[in-house]
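To start, the structure itself, in structure tokens.
Here, each number is a calculation from the coordinates, and none is a lab measurement. As the structure is a computational prediction, the values presented were derived from the model and not from experiment. Heads up, the Cβs are rebuilt from the backbone with ideal geometry, glycines too, and the neighbour counts pull from every protein chain shown.
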Amino acid sequence: MLSSLVLSKGIKKYEDQKGVVAVFNTESLYHFCVNENYRKFVISADYICLDGIGVMLLLWSRTKQPRFHGPDLVNELLQSDGQHSYLVIGGGDDLKQSDNVVFQSISHSENRSLLAMESFNIIKSYMDYDFVLISLGLPKQEEVTSLLCQKFSENEALNIKNKLIVPCGAAVDFIFGKKKRAPRIFQILGVEFVYRVFKEPRMVPRILRSVYGLYLAYVRKL
């Protein structure tokens, strides 16, 4: 199931495309297997970016899709032709805004409906912006994005089909300098998580979920 999704929705030239992007890393395997709301998000997304050495090893032989690491994807979007505008929701609270990049914070809440409504109201004020980057962490940001898209679908006067929406987690912090990325060798090998574990011990539960997710994906033959 997952490999066929990736084959049909693998992202290619994202800067010229519109829709919703699922950045799918190894931890995503766990949520895809146990979280119905997250699974629905991935299935309904317009594009899927494979990220993380574990998920690449699991799916590459069947999909031949290139790896798009979250920070690299966001950086590529920002390095496009310079004519685009970017709305960042969540994360980057203390980052400096620019002419074409606006940061908007929202509540530190676990209530997905509340966060979706806040995001909806923010986007309504920036309808002319091309890209929406949502930085709330996995799987909250994906669940909020699903509810957000549903709210826009219920309001026909507001069209977000001309935007690219990317739930991108900590990629925002890395690209805009709030956090330091792992050294280049870790990036090339696809093992940035090793570096982050030493810098951020809170990553340990995420690593354990990733390992369990790989096991579930293998057993269920995703």
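What the table shows:
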quantity	calculated
Dipole-positive endmost among TYR47, LEU133, PHE32 within the chain (Cβ charges, Cα centre)	PHE32
Shape category assigned to the range 146-208 from the gyration tensor of Cα positions, a/c cut at 1.5	prolate
Helix 53-63 vs. the chain, principal-axis angle (Cα, 0 to 90°, nearest 10)	90 degrees
Relative counts (whole %) of C-alpha pair distances in the range 173-222, using bins that are 10 Å wide	23, 41, 27, 8
Range in the chain, longest, excluding exposed GluC sites (Glu not before Pro) [loop by DSSP; at most 14 other beta-carbon atoms within 10 Å]	1-109
Added length on full extension, which subtracts the Cα-Cα distance from 0.36 nm per residue, ARG202 to GLU154	13.5 nm
Dimensions in Å of the range 70-195 - Rg and Dmax from alpha carbons	14.9, 48
Residue-averaged [θ]222 nm for the chain, counting only DSSP H segments that reach four residues, each worth -39500 (n - 2.57)	-14000 deg cm²/dmol
Label-point separation, TYR126 to LYS64 (7 Å along Cα→Cβ), nm	3.8 nm
Formal net charge of residues neighbouring LYS199 (Cβ-Cβ distance under 9 Å; K, R +1; D, E -1)	+2
Per-residue Cβ neighbour rank within 10 angstrom, fewest leading, SER85, SER125	SER125, SER85
Fewest-first ranking of VAL144, VAL204, using other Cβ atoms within 10 Å as the exposure measure	VAL204, VAL144
Cα-based shape type of the range 24-79, given that a ≥ b ≥ c are square roots of the gyration tensor eigenvalues and the cut on a/c is 1.5	oblate
Diffusion coefficient, µm² s⁻¹, Stokes-Einstein with Kirkwood Rh over alpha-carbon pairs of the chain at 4 °C and 1.567 mPa s	73 µm²/s
